[in-house]
Amino acid sequence: MTASPPEHWLAGLRARPPAGALGPQQLAWLGDAVWELDQRQRLCRGPARSQELHRVTVGAVRASAQARALQRLEGWLTAAELDVVRRGRNRAGRGPRSGDAAAYGQATGFEALLGWLFLHDPSRLVELLDHLQEIDP
C-alpha cells in the first residue's frame, strides 16, 4: 500500500477578498510571501541542515526561478489569471540593476497571480502549486 501525499498546507483555506481592491504591487508583495512559504513548507518535509534549506529556498524565490515557474504554468492559466499576471508584469519596473528586467517583470506577474489567488481562489492556488510540484519536484 502506498502512502498518499500529504495534504497541501493551503488546502481548506477560504477565499477572503479584501474590502477594497489591491493593486498589482500589493498582490505581488503578498504573493512573494505565499511562494516563499510554499517553498519552505515543501523543503522542510525531510531532514536537512538549515544552511542547505536556506540556500535552496533562496534559489527558488529569486526572480529567474519565479519567471521559470510562470512559464511552466503556460497553458494552465485562465484569461482572468493571465490578466492579473499582465497587470503585475506591467507594474514591475526595471528591477535590480544587475538583474534581468524581463525576468523581474515575469516574476512580479507570477507573484501578483499568487497573491490574487491566495485572496480570491485558494483552491485554484493549491491546484497550480501542486502542478508546479508535479512537473518539477
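FYI, it's all coordinate maths here, none of it is from the lab. It should be emphasised that the depicted structure is a prediction, and the values quoted were computed from it without experimental measurement. Every residue, glycine among them, receives a Cβ derived from its backbone with ideal geometry; neighbour counts consider all protein chains shown.
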Exercise. Using the Karplus equation 6.51 cos²θ - 1.76 cosθ + 1.60 (θ = phi - 60°), what ³J(HN,Hα) coupling, rounded to whole Hz, does each residue of region 56-63 give in order, writing x for Gly and Pro?
Worked result: 5, 5, 4, x, 7, 9, 6, 4
For this session: Determine the shape class of the chain: with a ≥ b ≥ c the square roots of the Cα gyration tensor eigenvalues, call it rounded for a/c under 1.5, and otherwise prolate if a/b is greater than b/c, oblate otherwise.
Result: oblate
Seminar exercise, completed: Magnitude of the Cβ-charge dipole (Lys and Arg +1, Asp and Glu -1) of the chain about the Cα centre, nearest 20 debye, reported as 460
Problem set entry | Longest segment of the chain lacking GluC sites (Glu not before Pro) that sit in a DSSP loop with at most 15 other Cβ atoms within 10 Å | 8-73
Problem set entry | region 10-91: trypsin sites (Lys or Arg not before Pro) falling in loop per DSSP and having at most 10 other Cβ within 10 Å | R14, R45, R49
Problem set entry | Positive dipole terminus of the chain, leading residue within P47, L132, A67 (C-beta point charges) | A67
Problem set entry | Positive-pole candidate from A79, A103, L37, dipole of region 16-137, charges at beta carbon | A103
